[in-house]
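Participant: My questions will all concern the structure given below.
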Amino acid sequence: MIVGDFKMKDIDENEIDTILADDIDFEGIISFEKDLMIKGKVNGEIKASGNLFVDRKAEVKAKIEANVVTSKGRVVGDIYANKKVALYSTAVIQGNVSTPELEIESGAKINGHCKMRHDEPDSVIQPKQDKAVLDTSEKEPSSENQEKQANQNLQSQNHHSDDSNEYQNQFKTVNQYYQEKQMQKRENQSPFWHQNSDSNNGDKNNE
């Protein structure tokens, strides 16, 4: 903010693209991209990306949004400047002012609140992303993922252990069956078993 007994550079009308003459009484919405100077009367709304100049005898009753707002006349309505507000000594503002930079000559009047913004440079502003972004960078797994992976590994080990135990039980059953068959075969082939069998048959014949 610059306030004090100093004189701002006068406005050169030859550098302004469009001028609304003092005999024009406009009501409605004004929108423009290049510089505009108002000398007459405007009632409504001004929304522009260019610079606005309000001449000394101009009367503006409007909500103003522009890049730079420079006034020598009377403005009734809120002013929002993207870059700067400059008020000459004859300026009268009835409304709130919001701007990153403010220059006021001695004698200018503002009847309202003044907010000095600290806008970030365009290079710092990050654009919004409409689409999801795939992050291919390698990251350390979180503790939750590590625990989940450990549980999956444990379940896998238990599953393999159950399969191994079942295989061992089946293998043991087959071995037992084979051993029993071998024992029966040896008993059938044993001479002692035949002698006992013959002895038993002889006893039955004697009876």
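The values are calculated or read from the model by the stated rules, or taken from the named source; none is laboratory data. Since we're looking at a predicted model, the values are computed, not measured. All Cβ positions, even for glycine, are placed from backbone atoms using ideal geometry, and neighbour counts span all protein chains on display.
Participant: Condition test on K57, is it out of contact with any Phe, Trp or Tyr (no Cβ under 8 Å at 6 or more places or on another chain), surrounded by fewer than 19 Cβ atoms within 10 Å (Cβ to Cβ) and under 18 Å from N96 (Cβ atoms)?
Facilitator: Taking the combined requirement at face value, the residue does not satisfy it.
Participant: I need the full set of residues from the range 73-101 which are on the phi < 0 side of the Ramachandran plot, surrounded by 17 or more Cβ atoms within 10 Å (Cβ to Cβ) and assigned to a loop (DSSP other than H, G, I, E, B), in order please.
Facilitator: Answer for the range 73-101, where residues must be on the phi < 0 side of the Ramachandran plot, surrounded by 17 or more Cβ atoms within 10 Å (Cβ to Cβ) and assigned to a loop (DSSP other than H, G, I, E, B): G73, D78, Y88, A91.
Participant: May I ask you to verify whether L52 is in contact with a Leu (Cβ under 7 Å, 6 or more places away or on another chain), closer than 19 Å to E13 by Cβ and in the same structural domain as D25 (by TED's automatic domain parsing)?
Facilitator: yes
Participant: Right, here's the next one. Buried (at least 17 other Cβ atoms within 10 Å of the Cβ) and either assigned to a strand (DSSP E or B) or among the hydroxyl-bearing types (S, T, Y) (or both) - does that describe any residue in the range 21-29?
Facilitator: So far as the range 21-29 goes, no, none of its residues is buried (at least 17 other Cβ atoms within 10 Å of the Cβ) and either assigned to a strand (DSSP E or B) or among the hydroxyl-bearing types (S, T, Y) (or both).
Participant: Are any of the residues in the range 44-67 among the β-branched types (V, I, T), modelled with pLDDT of 95 or more and either under 32 Å from the mean Cα position of the chain (by Cα) or not in a strand (DSSP E or B) (or both)?
Facilitator: yes
Participant: Residues of the range 73-113 being of a type outside the set (A, V, I, L, M, F, W, C), in contact with a Ser or Thr (Cβ under 8 Å, 6 or more places away or on another chain) and touching a residue at least 40 places away in the same chain (Cβ under 8 Å), which ones?
Facilitator: Y88, E105, S106
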